[in-house]
Amino acid sequence: MKNADIASIFYSIADILEIQKVQWKPIAYRKAARTIESLSEDIEEIYKKGGLKELMEIPGVGEALAKKIEEFIKTGKISEYEKLKKEMPAGLGDLVSIPGLGPKKAYRLFKELKIKGISDLEKAISVHKVAKLEGFGSKSEENILKALQLVKTGKERTLLGVAFPISELIVSRLKKVKGVQRIETAGSLRRRAETVGDIDILVTAEKSEPIMDVFVKMPEVIQVLAKGPTKSAVILKSGSQTIQCDVRVLEDKSFGAALQYFTGNKDHNIEMRRIAIKKGYKLNEYGVFDKKGKMIAGKNEEDVYKILGVPWMPPELRENRGEIDASVKGKLPDLVKLSDLKGDLHMHTKWSDGANSVQEMIKAAENLGHEYIVLTDHSKSERVANGMTEDRLLKYLKEVRSAAKQSKKVKVFVGSEVDITSNGELDYSDEYLKQLDFVNVSIHSRFKATKEEMTDRVLTGLSNRYVKIFCHPTGRLIHRREPYAIDIDKLFEEAAQKKIAIEIDSIPDRMDINDLYIKKAIEAGVKLAIDSDAHSIDQLRYIKYGAAMARRGWAEKKDIINTYPLKEFAKFFSFKM
Ligand code: DGT
Ligand code: CA
Ligand code: CA
Ligand code: ZN
């Protein structure tokens, strides 16, 4: 898939144009990049289907951008980008991608301090040159340093939302190789961890050579680390990111044992091995063996667990967080499934920063089989996201209500993602809030407040009687922004008591709240909402990552408010239907 590559080039073009002080164009490029990276369809396929015209059907892609996409598909390059790069000093791209620095500041660092890349920047910070620059200061220098550290540590792991589609593509290719029998992903990807270090794939086949040949020759491979009959490893490129992928070809009789072993995690495995030893057995990636060395299980993963007296459990639970004990005692949770979800309670349209119209979002939700949805465009303080003033809110209400009447398949609620401002007030007055079906609230500013300040601010916000959902409750962006400080126990206590749902935001770099907090919230009696927070029709599919996170947090159907049939759902939020 070339989607990620094209998106990444469009982002870079936007950055360069911004430095060159070109108006509007950067916004257009970024918008297109965002939709392209979240398309579920291969952009090359779209092009093959209907050429430029079909490309122009992608929201945010006009004729000019469609031509650039065509050029990339045909030549692997975009000449405009090649030209722009030549106009840019080398290394500046790395600076621009440091969160919080942005093109303008990066360019000043380059011009005034001759900083040409990350290592120059680190040197300059170590002697406090950056702090002395006008408009920077020591606070800003500190923040840049923190962001730098995040970038450096963050680069190593890949978001589940990025790795998962890649793994699906590889698996689908390998499945087509002649003689392939069983194939599964293992490792952190199978456990659906929010980020993965590498992709692990296990295969059984008549012969391993044809598989390994196809594997190392895939177009995304930029480096072959190892190629052998039982194991190969490569580095893949996807957009600006690289990720390692390992493939192992196994004997059928050991497939289950290998799947158990390579799924992990390591701590879970250590515990399982301890149980095997206690029973007088030996457990490794080839099978379970008795005292005489006879293999007594290994072909199937379920049997491996069963023979050790631990009934099989879903991979999402295997983090050594009490799952083995729960399984032995027959107390495993009955995990929520993606197919249990009946609705989506957080999404954006063109009324704020979304790429699609109200009608397009409703249609897409119908196609996904949702029974109910809530449209939640941003409130007025979110100026960068084109938040709605009160005037526009009223017009939006009208449009959504009339569109809602036209859909027979999905019940459409009208809502807004309303900012909790810095003093804890909501961004609209009650007069407006009461006209909405759903008031979803969130924090989008002043992330650096103390724990007391932030907890106070949020609880004040939640004390408004119209609030129904608290969105992306910790505000973190994986690799880019730490969660803000907040008293999570107090938050959950309040939410449980007021029947305010806590969100599991499914955007791959949010995953907010995370698995550990999900478990905690459930223990506190909180109801959760798995939302896509979609900014385009394709992003509605993000809920699969939120559902994965919920499963990692031991959530059952009853814990997730948008699995409820419409009637019970409405009852929880005290609607009269
Ligand atoms: P990652 O790739 O860092 O996101 O995490 P994993 O869990 O996929 O780890 P990876 O790819 O290094 O290894 C895959 C699985 O293999 C891991 O979850 C457990 C198993 N494994 C690897 N090394 C060891 C080990 O030294 N001891 C045991 N018991 N299991 C191991
Ligand atoms: Ca792995
Ligand atoms: Ca691995
Ligand atoms: Zn949102």
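The values are calculated or read from the model by the stated rules, or taken from the named source; none is laboratory data. Because the structure is predicted, anything quoted here is derived from the model rather than measured. Cβ placement follows ideal geometry from the backbone for every residue including glycine, while neighbour counts extend to all protein chains displayed. In case anyone asks, the SASA skips ligands and DNA or RNA and just uses the protein heavy atoms, side chains included. Shrake-Rupley method; radii C 1.70, N 1.55, O 1.52, S 1.80 Å.
Among the numbered conditions (1) under 30 Å from Leu477 (Cα atoms); (2) buried (at least 22 other Cβ atoms within 10 Å of the Cβ); (3) in contact (Cβ under 8 Å) with a residue 40 or more places away in the chain, tell me where Val247 comes up short.
Looking at each condition in turn, Val247 falls short on (1).
Where the second residue is hydrophobic (A, V, I, L, M, F, W, C) and at pLDDT below 95 and the first is closer than 29 Å to Val439 by Cβ and lies in segment 329-357, which pairs have Cβ atoms under 6 Å and are six or more apart or on separate chains?
Listed pairs, sorted by first residue: Ser352/Ala385; Asp353/Ala385.
Kindly provide the set of residues from segment 499-537 that are among the hydrophobic types (A, V, I, L, M, F, W, C) and more than 17 Å from the chain's Cα centre (by Cα), ordered by number. Don't jump to the end; show me each part of the working.
At the first step, the residues of segment 499-537 found to be among the hydrophobic types (A, V, I, L, M, F, W, C) are 500-502, 504, 507, 511, 513, 516, 518, 521-522, 524, 526, 528-530, 534, 537.
Passing the criteria: Ile500, Ala501, Ile502, Ala521, Ile522, Ala524, Val526, Leu528.
May I ask you to list the residues in segment 277-336 that are among the β-branched types (Val, Ile, Thr), open to solvent by 30 Å² or more (accessible area, probe 1.4 Å) and part of a helix (DSSP H, G or I)? Working first, answer last.
Of the residues in segment 277-336, the ones among the β-branched types (Val, Ile, Thr) are 277, 288, 296, 304, 307, 310, 324, 328, 336.
With the extra rule that they be open to solvent by 30 Å² or more (accessible area, probe 1.4 Å), the set shrinks to 277, 296, 307, 328.
Passing the criteria: Ile277, Ile307, Val328.
Pairs, please: C-beta under 6 Å, at least 6 apart or cross-chain, first residue of a type in the set (Val, Ile, Thr) and in segment 205-225, second open to solvent by 60 Å² or more (accessible area, probe 1.4 Å)?
Once the first residue is of a type in the set (Val, Ile, Thr) and sits in segment 205-225, its partners that are open to solvent by 60 Å² or more (accessible area, probe 1.4 Å) give Val216/Val224; Val216/Lys227; Ile222/Lys237.
Take the conditions in contact with a Phe, Trp or Tyr (Cβ under 7 Å, 6 or more places away or on another chain) and either within 14 Å of ligand 1 (Cβ to nearest atom) or at pLDDT 95 or above (or both) and apply them to Met295. Does it pass? Give the derivation first.
Working: in contact with a Phe, Trp or Tyr (Cβ under 7 Å, 6 or more places away or on another chain): yes; either within 14 Å of ligand 1 (Cβ to nearest atom) or at pLDDT 95 or above (or both): yes.
So Met295 fits the description; yes.
With the requirement that a residue be open to solvent by 20 Å² or more (accessible area, probe 1.4 Å), touching a Gly at 6+ places or on another chain (Cβ under 9 Å) and either closer than 28 Å to Ile170 by Cβ or in contact (Cβ under 8 Å) with a residue 40 or more places away in the chain (or both), what does segment 24-56 give you?
Selection gives Lys31, Arg34, Glu37.
Mind listing whichever residues of segment 240-268 are within 13 Å of ligand 2 (Cβ to nearest atom), modelled with pLDDT of 95 or more and of a type in the set (S, T, N, Q)?
Within segment 240-268, Thr263, Asn265 meet the criteria.
What pairs can you find where one residue is in segment 165-193 and open to solvent by less than 50 Å² (accessible area, probe 1.4 Å), the other is within 13 Å of ligand 2 (Cβ to nearest atom) and aromatic (Phe, Trp, Tyr), and their Cβ atoms are less than 8 Å apart, with a gap of 6+ or different chains?
Ala186/Phe262; Gly187/Phe262; Leu189/Phe164
Looking only at helices (runs of 4 or more DSSP H) that fall completely inside segment 17-118, which ones have 1 or more residues that are farther than 23 Å from His479 by Cα? Quick ask: steps written out before the conclusion?
On the way: elements: 25-38, 43-55, 63-75, 79-87, 92-96, 102-113.
In segment 17-118, 25-38, 43-55, 63-75, 79-87, 102-113 are the helices (runs of 4 or more DSSP H) which contain 1 or more residues that are farther than 23 Å from His479 by Cα.
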